[in-house]
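Asks: Take this structure first; my questions come after.
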Amino acid sequence: MRIVCIGGGPAGLYFGILMKKENPAHQITVVERNRPYDTFGWGVVFSDATMENMRAWDVETADAIESAFNHWDDIEVLIKGRRMRTTGHGFVGIGRKKLLNILQQRCEQLGVELVFNQEVDSDLEFLDADLIVASDGVNSKMRNRYQAVFKPDLVVRPNRFIWLGTDKRFDAFTFDFRRTEHGWFQAHIYKFDEDTSTFIVETTEDTFKAQGLDKADEAASIGFCETLFAEVLEGAKLMSNAPHLRGSAWLNFGRLICGKWSHFNGRSHVALMGDAAHTAHFAIGSGTKLALEDAIELTKQFNTLGATRDKIPVVLAAYEQVRSVEVARMQNAARNAMEWFEVVGGRYADTLEPEQFMYSLLTRSQRISHENLRLRDKQWLEGYERWFAARSGLTVLADGPTVPPMFTPYTIRGVTLPNRIVVSPMAMYSAVDGMPNDFHLVHLGSRALGGAGLVFGEMTCVSPDARITPGCLGLWNDEQALAWKRLVDFIHTTPAKAGLQLGHSGRKGSTRVAWEGADQPLDEDNWPVISASAVPYLSNGAMPREMTREDMERVKADFGAAALRGVTAGFDVLELHCAHGYLLSSFLSPLTNRRTDEYGGSPENRARYPLEIFRAIRAIWPPERPISVRLSCHDWTDGGNTPEDAALFARLFKADGADMIDCSSGQVWYGEKPVYGRLFQTPFADKIRNEVGIATMAVGAISEADHANSIIAAGRADLCAIARPHLADPAWTLHEAAKIGMTSVAWPKQYRSAKIQHETNLARAAAGRSPS
Ligand SMILES: Cc1cc2nc3c(=O)[nH]c(=O)nc-3n(C[C@H](O)[C@H](O)[C@H](O)COP(=O)(O)OP(=O)(O)OC[C@H]3O[C@@H](n4cnc5c(N)ncnc54)[C@H](O)[C@@H]3O)c2cc1C
Ligand SMILES: Cc1cc2nc3c(=O)[nH]c(=O)nc-3n(C[C@H](O)[C@H](O)[C@H](O)COP(=O)(O)O)c2cc1C
């Protein structure tokens, strides 16, 4: 075949090497606009997995790269006058020039034709080519020529960065955070050869402009960075090697994906590869890896399906199918890390103490967990656990045992929870006339015995018509209050505290118990339902009546009376249910609140009635006992509430005396499109906690101690609510403690004889032996 690669970056050169190696009869040319050995950029980092993959395809290139590698293990963080270091993180780096030189040499060795100093304007310059690989980088002219076919989707990210180098040799991957009067700047610094380091400086667009950098040329920008990062540079100079870039040297990262990766131009097939097809943010340093792996995959498909002109269409289709999935996966993984750096100034650098800031930085991608950090640097992690435990009020000895963050106590107002695990409210649909019964005693009681620090009862309804189903629990009469007291008293025989979630079903009321069809209207004995507006939940569901002022007063009085009964019953914590499309949530969401009075319209107006209820219960609830508010932090529907709206609501509730936001999402609009996944709602708890400055509870797909420890330790939330895992295992907390070797957590005295056996069996299983 006749193959032309337009662009001699890692993608074009490596593809040339691999195809020539597979069949020397292929006629391959790489055309590059720059001179040989003339490239911009500094170092790139790789993982071991990428190297293994490369080794399998061309040992010579892999050997040459590996012998030029620089390895380092440490990460150092500088912030607010502190310098902190951790080890065990394992990176390898290589200069971009060195990498390209190795690839160029290998091309020459194998007989790939290299043409330098030639700018290509069109693929039609190569009419004899069977395959044209557009490996011409992120601003690919070839891709732009066929925009309508390739359908590039480019999202320009808000931060500005400048990619510099320095001849100071840093012995750790260094992150340096500096604040000027206009905001925060961060430097990402890593060495890539014996005497040179990459030095990328990043800031937000606002700070960039306020600092006047939009008007600064490259020399002035470098001067500014040298002054700002003088401490870490210790007199070394910063250098640019991108003299060909016009205008500001400060760039915005563009996240690129393409709808299609290949096109037949009438003579040749044109395929996108590397940055021309997709980008990955430098926060996880995977752009070069993706480019090289594209080259490997396309070669592999030619090997499998046949490397002849007639096979090109099927080969390109298979290449696109495999690579587009992998690229989406990498871009997802990069997103958390990229977003962390986009909000780091206001959200973390200003608010977190340096120790916790560093933990948050290390776990920014949410792929490195607490136990993973322990494997990397046990000493550092244990030091951090001691620091965190001391901050939580525990007496910690410098060489004593450590306490994982989820097992530290948490005090809010006058209530101290023994640990950070909460049994999330879960409707059991097992009441008659709203009365707590033996089922509820055993159900909640066994979860309190199971070690959680706070046990919430299910959504408890403030009136008979506030119930979701006829099986829901209530607190509208004294008999119910007395029955609740029996449950709360039992919970108080354990170290756990008792939580009451008060709610009103609104337009989702008068429906069947879950196992007979959740959200479906009852077959008989339906009751009229009310909501912010006359907008039903299901198309076959009851049409709610828009609440009048009288309704509002009645419901407010019901909430007040129920809260008062909750005090009598002895609950420690109260939660106001303003989530999941129920009555108060229906006011908050613009999808369900279509009112034209002062309770509809702006977010502040939509929050007006939920806040009235909140103030009413806050006035009744004892000042030493906390109140949390559960919000749907995302409606997962166009036109619905977003985390930005949730943060505004959190601010309003905080101003009225709320102590905590329980960050749930969705269930407001039937056609919602939630993005589920591990810890999928934790980013909402993180945002609200660190931007609004209020305690938060994370909930949703938190299923093991490692998750909870990572969330609490990083300050993404103060508590973790666990729902379904608690249905599977009432003693979830005790069992997770045993799994991570936290044997000092006490079991109920009646169960103690099982504890050692359980722990021993886990240890035996971990060692691959059968139970004793
Ligand atoms: C700040 C920053 C830090 C980064 N850090 C890392 C990192 O640590 N690790 C990592 O793996 N990746 C990193 N990257 C990304 C990495 O540089 C790219 O993803 C990678 O170089 C992509 O390879 P490529 O061959 O597709 O494109 P490129 O490397 O961009 O190569 C394209 C080539 O095509 C040439 N060209 C363009 N147009 C034409 C034309 N019309 N005619 C002829 N030639 C043309 C260009 O001169 C260039 O040589 C970083 C990127 C940035 C911006
Ligand atoms: C059976 C069941 C009943 C639930 N009932 C309630 C409830 O009464 N009030 C509430 O706010 N959330 C309720 N939820 C939602 C949970 O509290 C929790 O937010 C959700 O299940 C996600 O957590 P998980 O991934 O740990 O299960 C319920 C969940 C389940 C599984």
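Asks: Looking only at strands (runs of 3 or more DSSP E) that fall completely inside the stretch 1-70, which ones have 2 or more residues that are closer than 27 Å to HIS89 by Cβ? Lay out the reasoning, then the answer.
Replies: Details: elements: 2-6, 27-31, 43-46.
Answer list for the stretch 1-70: 43-46.
Asks: Restricting the stretch 114-139 to residues that are surrounded by 18 or more Cβ atoms within 10 Å (Cβ to Cβ) and among the charged types (D, E, K, R), which is nearest to GLU32 (Cα to Cα)?
Replies: Here the residue is ASP136.
Asks: Separate question: Do we find that LEU502 is touching a helix residue (DSSP H, G or I) at 6+ places or on another chain (Cβ under 9 Å), surrounded by fewer than 17 Cβ atoms within 10 Å (Cβ to Cβ) and under 25 Å from ARG618 (Cβ atoms) in this structure?
Replies: Values: touching a helix residue (DSSP H, G or I) at 6+ places or on another chain (Cβ under 9 Å): yes; surrounded by fewer than 17 Cβ atoms within 10 Å (Cβ to Cβ): no; under 25 Å from ARG618 (Cβ atoms): yes.
Considered against the rule, which asks whether it is touching a helix residue (DSSP H, G or I) at 6+ places or on another chain (Cβ under 9 Å), surrounded by fewer than 17 Cβ atoms within 10 Å (Cβ to Cβ) and under 25 Å from ARG618 (Cβ atoms), LEU502 comes out as no.
Asks: ALA398 versus (1) part of a loop (DSSP other than H, G, I, E, B); (2) over 34 Å from the mean Cα position of the chain (by Cα); (3) over 25 Å from ALA731 (Cα atoms): which is the lone unmet condition?
Replies: Against the list (1) part of a loop (DSSP other than H, G, I, E, B); (2) over 34 Å from the mean Cα position of the chain (by Cα); (3) over 25 Å from ALA731 (Cα atoms), ALA398 comes up short only on (2).
Asks: So, one more: Restricting to the stretch 442-469, count the residues that are under 20 Å from SER585 (Cβ atoms) and either within 16 Å of ligand 1 (Cβ to nearest atom) or among the polar types (S, T, N, Q) (or both).
Replies: The total comes to 3.
Asks: Report every pair of residues separated by at least 6 positions or lying on different chains whose Cβ atoms are under 6 Å apart, first residue within the stretch 243-270 and within 24 Å of ALA129 (Cβ to Cβ) and among the small types (Gly, Ala, Ser), second surrounded by fewer than 14 Cβ atoms within 10 Å (Cβ to Cβ) and modelled with pLDDT of 95 or more.
Replies: GLY259/LYS151
Asks: Output the residue which, of all residues in the stretch 167-213 that are outside any strand (DSSP E or B) and modelled with pLDDT under 95, is surrounded by the most Cβ atoms within 10 Å (Cβ to Cβ). Give the derivation first.
Replies: At the first step, the residues of the stretch 167-213 found to be outside any strand (DSSP E or B) are 167-172, 181-182, 194-195, 204-213.
Next cut, modelled with pLDDT under 95 only: 167-172, 194-195.
Details: ASP167: 12, LYS168: 18, ARG169: 14, PHE170: 21, ASP171: 12, ALA172: 19, GLU194: 7, ASP195: 10.
Out of the qualifying residues, it is PHE170.
Asks: Here is a follow-up. Here are some conditions: (1) within 22 Å of PRO401 (Cα to Cα); (2) away from ligand 2 (no atom under 16 Å from the Cβ); (3) out of contact with any Gly (no Cβ under 8 Å at 6 or more places or on another chain). VAL745 meets all but one. Which one does it not meet?
Replies: So the condition that VAL745 fails would be (3).
Asks: Can you tell me which residue in the stretch 414-425 is farthest from ligand 2 (Cβ to nearest atom), limited to those that are outside any strand (DSSP E or B) and crowded, with 17+ Cβ neighbours inside 10 Å? I'd like the intermediate steps shown before the answer.
Replies: Residues of the stretch 414-425 that are outside any strand (DSSP E or B), as a first pass: 414, 418-420, 424-425.
Within this subset, residues satisfying the condition of being crowded, with 17+ Cβ neighbours inside 10 Å are 418-420, 424-425.
On the way: PRO418: 20, ASN419: 16, ARG420: 14, SER424: 3, PRO425: 4 Å.
Within the stretch 414-425, the match that is farthest from ligand 2 (Cβ to nearest atom) is PRO418.
Asks: Anything in the stretch 96-121 that is farther than 20 Å from PHE69 by Cβ and of a type in the set (Lys, Arg)? List them, or say none. Explain how you work it out, then say what you get.
Replies: We begin by selecting, within the stretch 96-121, every residue farther than 20 Å from PHE69 by Cβ; these are 107-121.
Across the stretch 96-121, there are no qualifying residues.
Asks: Continuing with the same structure: Pairs, please: C-beta under 9 Å, at least 6 apart or cross-chain, first residue surrounded by fewer than 24 Cβ atoms within 10 Å (Cβ to Cβ) and in the stretch 692-705, second in a loop (DSSP other than H, G, I, E, B) and among the β-branched types (Val, Ile, Thr)?
Replies: GLY693/THR351; GLU704/ILE740
Asks: Further question on the same structure: What pairs come up if the first residue lies in the stretch 294-321 and is over 23 Å from ARG55 (Cβ atoms), the second is acidic (Asp, Glu) and modelled with pLDDT of 95 or more, and their beta carbons are under 6 Å apart, counting only those six or more places apart or on different chains?
Replies: ARG309/ASP130
Asks: Here's a follow-up. Which condition number does MET142 fail, the rest of (1) farther than 17 Å from ALA11 by Cα; (2) crowded, with 19+ Cβ neighbours inside 10 Å being met?
Replies: All conditions pass for MET142, except number (1).
Asks: Would you call GLY93 within 30 Å of GLU385 (Cα to Cα), in contact (Cβ under 8 Å) with a residue 12 or more places away in the chain and surrounded by 15 or more Cβ atoms within 10 Å (Cβ to Cβ)?
Replies: So GLY93 does not fit the description; no.
Asks: So, in the stretch 444-460, of the ones that are free of Cβ contacts under 8 Å to residues at least 60 places away in the same chain and within 13 Å of ligand 2 (Cβ to nearest atom), which residue ends up surrounded by the fewest Cβ atoms within 10 Å (Cβ to Cβ)?
Replies: By that ranking, first place goes to GLU458.
Asks: Right, next: I need the full set of residues from the stretch 246-295 which are in a strand (DSSP E or B) and farther than 28 Å from SER221 by Cα, in order please. Before the answer, list the steps.
Replies: Residues of the stretch 246-295 in a strand (DSSP E or B): 251-258, 262-264, 269-272.
Residues satisfying the conditions are ILE257, CYS258, SER262, HIS263, PHE264, HIS269, VAL270, ALA271, LEU272.
Asks: Suppose we filter VAL699, VAL668, VAL675 for residues that are farther than 22 Å from VAL422 by Cα, among the aliphatic types (A, V, I, L, M) and in contact with a Ser or Thr (Cβ under 7 Å, 6 or more places away or on another chain); which single one remains? Can you show your working first?
Replies: Values: VAL699 fails: farther than 22 Å from VAL422 by Cα; VAL675 fails: in contact with a Ser or Thr (Cβ under 7 Å, 6 or more places away or on another chain).
Exactly one residue qualifies, and that residue is VAL668.
Asks: Checking the condition closer than 30 Å to LEU373 by Cα and within 15 Å of ligand 1 (Cβ to nearest atom), which residue from VAL4, VAL77, VAL31, VAL44 passes? Spell out how you get there, then give the answer.
Replies: Details: VAL4 fails: closer than 30 Å to LEU373 by Cα; VAL77 fails: within 15 Å of ligand 1 (Cβ to nearest atom); VAL31 fails: closer than 30 Å to LEU373 by Cα.
So the residue among VAL4, VAL77, VAL31, VAL44 that is closer than 30 Å to LEU373 by Cα and within 15 Å of ligand 1 (Cβ to nearest atom) is VAL44.
Asks: All but one of (1) within 14 Å of ligand 2 (Cβ to nearest atom); (2) under 26 Å from ARG554 (Cα atoms) hold for GLU479, so report the exception by its number.
Replies: All conditions are met except number (1).
Asks: May I ask you to verify whether ARG85 is at pLDDT 95 or above and within 26 Å of LEU298 (Cα to Cα)? Give the steps one after another, and end with the answer.
Replies: Working: at pLDDT 95 or above: yes; within 26 Å of LEU298 (Cα to Cα): no.
The answer is no for ARG85.
Asks: Additional query: Within the stretch 527-541, track down each residue that is modelled with pLDDT of 95 or more and surrounded by 12 or more Cβ atoms within 10 Å (Cβ to Cβ). Give the derivation first.
Replies: Narrowing the stretch 527-541 to residues modelled with pLDDT of 95 or more: 527-538.
Across the stretch 527-541, the qualifying residues are TRP527, VAL529, ILE530, SER531, ALA532, SER533, ALA534, VAL535, PRO536, TYR537, LEU538.
Asks: So, VAL149, is that one exposed (fewer than 13 other Cβ atoms within 10 Å of the Cβ) and either among the hydroxyl-bearing types (Ser, Thr, Tyr) or touching a strand residue (DSSP E or B) at 6+ places or on another chain (Cβ under 7 Å) (or both) or not? Talk me through it step by step, then tell me what you get.
Replies: Values: exposed (fewer than 13 other Cβ atoms within 10 Å of the Cβ): no; either among the hydroxyl-bearing types (Ser, Thr, Tyr) or touching a strand residue (DSSP E or B) at 6+ places or on another chain (Cβ under 7 Å) (or both): yes.
No; evaluated as a whole, the condition is false for this residue.
Asks: Does ARG595 satisfy the condition of being in a loop (DSSP other than H, G, I, E, B) and of a type in the set (Lys, Arg)? Explain how you work it out, then say what you get.
Replies: Working: in a loop (DSSP other than H, G, I, E, B): yes; of a type in the set (Lys, Arg): yes.
It is true that ARG595 is in a loop (DSSP other than H, G, I, E, B) and of a type in the set (Lys, Arg).
Asks: With respect to the numbered conditions (1) within 16 Å of ligand 1 (Cβ to nearest atom); (2) part of a helix (DSSP H, G or I), which one is the sole condition not fulfilled by GLU339?
Replies: Every condition holds for GLU339 apart from (1).
Asks: Restricting to the stretch 680-733, and then to whatever is under 26 Å from LEU652 (Cα atoms) and among the charged types (D, E, K, R), can you tell me which residue is farthest from ligand 1 (Cβ to nearest atom)?
Replies: Checked the stretch 680-733; the qualifying residue farthest from ligand 1 (Cβ to nearest atom) is ASP718.
Asks: Would you say ILE65 is β-branched (Val, Ile, Thr), surrounded by 15 or more Cβ atoms within 10 Å (Cβ to Cβ) and farther than 18 Å from ALA291 by Cβ? I'd like the intermediate steps shown before the answer.
Replies: On the way: β-branched (Val, Ile, Thr): yes; surrounded by 15 or more Cβ atoms within 10 Å (Cβ to Cβ): yes; farther than 18 Å from ALA291 by Cβ: no.
The answer is no for ILE65.
Asks: Sort through ARG507, ARG554, ARG549, ARG512 and tell me the only one that's in contact with a Ser or Thr (Cβ under 9 Å, 6 or more places away or on another chain) and surrounded by fewer than 17 Cβ atoms within 10 Å (Cβ to Cβ).
Replies: ARG554
Quick grid of which residues meet (1) at negative phi; (2) outside any loop (DSSP other than H, G, I, E, B); (3) without any contact (Cβ under 8 Å) to a residue 60 or more places away in the chain; (4) under 36 Å from the mean Cα position of the chain (by Cα):
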residue	(1), (2), (3), (4)
ASP523	yes, no, yes, no
PRO528	yes, no, no, no
TYR537	yes, no, no, yes
MET543	yes, no, yes, no
ASP551	yes, yes, yes, no
PHE559	yes, yes, no, yes
ARG565	yes, yes, no, no
LEU576	yes, yes, no, yes
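The values are calculated or read from the model by the stated rules, or taken from the named source; none is laboratory data. This structure is a prediction, so every number in the text was calculated from the model and none was measured. Cβ atoms come from the backbone with ideal geometry, glycine included; neighbour counts cover every protein chain shown.
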